[in-house]
Amino acid sequence: MAPNPVPSSKEDRYLRVIAIYTVGKGLLLCLLAIGFLGFLHKDVDMIVGNWMSLLGFNMENRHVIAILARLDKVTDKQLRELSGITFAVAGVFLTQGSGLLLRQQWAKYLTVSVTSALIPVEIVELFRHFGWIKVGVLAVNIAIVAFLVVSLVREKRRTQLTKPALAAGPQPVAVSCETV
């Protein structure tokens with residue numbers, strides 16, 4: 001007896017959670033890209049300095065001064081490029097998430113490839129500057145890749161088990177031509 005080709009409700013629920021998580025990342029990146037465009041033709045360091053002042057940062061702190069000095073050198077061209085890259089990455093995340101919500105196989109492959117490609121970068125960043133949030137994000141991404149790989153392997157097994165029966169086609173029926 002062949003296993004059920006439809007994913008279990010538990011697997012479907014996890015897939016939906018991953019899809020919503022991925023769409024959420026895509027939407028946040030879209031907002032960030034729009035925010036970058038909002039800084040065009042403006043004095044970025046002055047705007048950020050005002051925000052930091054309102055939030056109670058010590059404006060004479062050497063780290064605050066260093067950040068504002070770097071922001072003073074940001075050009076409109078850099079903001080446009082950063083916004084474009086952010087929109088592109090957001091598009092990939094939104095494509096992954098919508099494909100997963102629609103239960104498309106290609107979306108699983110895309111998500112596995114993109115997420116697993118980013119894991120080494122996350123590990124390097126974790127060793128550079130350790131943080132528990134980075135550990136959590138890395139763990140979630142590893143879990144997503146592992147779940148999707150297991151799901152893809154199961155799906156491949158399901159299709160391999162049902163293919164021989166489908167490839168054989170209908171079985172001939174023996175007909176008797178006896179007269180009564």
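Couple of notes before you dig in:
- Qualifying positions in the stretch 71-114 - without any contact (Cβ under 8 Å) to a residue 24 or more places away in the chain and within 17 Å of residue 45 (Cα to Cα): 73, 75, 77, 78
- Residue check for residue 133: in a helix (DSSP H, G or I) and modelled with pLDDT of 95 or more: no
- Residue within the stretch 26-45 that is on the phi > 0 side of the Ramachandran plot and exposed (fewer than 13 other Cβ atoms within 10 Å of the Cβ) present: yes
- Within this structure, residue 115 fails the test of being under 20 Å from residue 30 (Cβ atoms) and in contact with a Gly (Cβ under 9 Å, 6 or more places away or on another chain).
- Applying the condition of being in a helix (DSSP H, G or I) and basic (Lys, Arg) to the stretch 57-114 and asking which residue is surrounded by the most Cβ atoms within 10 Å (Cβ to Cβ) yields 108.
- Of the residues making up the stretch 19-46, those that are closer than 12 Å to residue 74 by Cβ and part of a helix (DSSP H, G or I) are 36, 44, 45, 46.
- Residue 168 modelled with pLDDT under 95 and among the small types (Gly, Ala, Ser): yes
- Here 17, 74, 64, 23 are screened, and the one residue that is among the hydrophobic types (A, V, I, L, M, F, W, C) and either under 27 Å from residue 158 (Cα atoms) or in contact with a His (Cβ under 6 Å, 6 or more places away or on another chain) (or both) is 17.
The values are calculated or read from the model by the stated rules, or taken from the named source; none is laboratory data. Predicted, not measured: the structure shown is a model, and the values here were computed from it. Cβ: placed from backbone, ideal geometry, glycine included. Neighbour counts: every protein chain shown.
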